[in-house]
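Notes for the one structure printed next.
The values are calculated or read from the model by the stated rules, or taken from the named source; none is laboratory data. Everything quoted here is computed from the prediction, not taken from an experiment. Heads up, the Cβs are rebuilt from the backbone with ideal geometry, glycines too, and the neighbour counts pull from every protein chain shown. Each accessible area value is taken on the protein alone, full model and side chains, heavy atoms only, with ligands, DNA and RNA left out. Shrake-Rupley method; radii C 1.70, N 1.55, O 1.52, S 1.80 Å.
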Amino acid sequence: MKFEDYAIRIDPLPIDEGGGFLVTVPDLPGCMADGETVAAAIEEAHDAFAAWTMAEREDKGELPAPKTYSGQFVQRIPKSLHQRLATRAATEGVSLNQLAATFLAQGLARR
């Protein structure tokens, strides 16, 4: 496995803690690095990944596989909401799935 096979998470660090950014590899507990910029933090994360994976291979012989996602999930909603979403999707000329994915992405972007 290589660094690019794993999802990473990038979070800003509080100014009172020095600022910059923290990169973690959620599938590899304790594999993290920081840097003044996102690019610097990712570069440091490559080094942290190399050290983490070397130690893990020595200790356990193999690495945890990265989690994979199908891109599908089922969500039960009230019939009235289903109707409102279907109407909105038809009005905008998109599928209900596309509309729901857009709303989910917008909601995540706000957080």
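Results, tabulated for the structure shown:
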{"quantity": "Any pair with Cβ under 6 angstrom, 6 or more apart, that starts in the range 33-55 at a residue that is more than 16 Å from L13 (Cβ to Cβ) and ends at one that is part of a helix (DSSP H, G or I)", "calculated": "H46/F3; F49/F3"}
{"quantity": "Residue within the range 81-98 that is surrounded by 14 or more Cβ atoms within 10 Å (Cβ to Cβ) and touching a residue at least 40 places away in the same chain (Cβ under 8 Å) present", "calculated": "no"}
{"quantity": "Evaluation of M1 against (1) surrounded by 10 or more Cβ atoms within 10 Å (Cβ to Cβ); (2) over 16 Å from the mean Cα position of the chain (by Cα); (3) modelled with pLDDT of 95 or more (one fails), failing number", "calculated": "(3)"}
{"quantity": "Residues (open to solvent by less than 100 Å² (accessible area, probe 1.4 Å) and either farther than 14 Å from C31 by Cα or within 24 Å of the chain's Cα centre (by Cα) (or both)) located in the range 53-67", "calculated": "T53, E56, G61, L63, P64, A65, P66"}
{"quantity": "Which listed residue, of A33, A40, is surrounded by 15 or more Cβ atoms within 10 Å (Cβ to Cβ), farther than 30 Å from N97 by Cβ and either under 18 Å from the mean Cα position of the chain (by Cα) or of a type in the set (K, R) (or both)", "calculated": "A33"}
{"quantity": "Unmet requirement for G20, which otherwise passes all of (1) out of contact with any helix residue (DSSP H, G or I) (no Cβ under 9 Å at 6 or more places or on another chain); (2) within 22 Å of R111 (Cα to Cα)", "calculated": "(1)"}
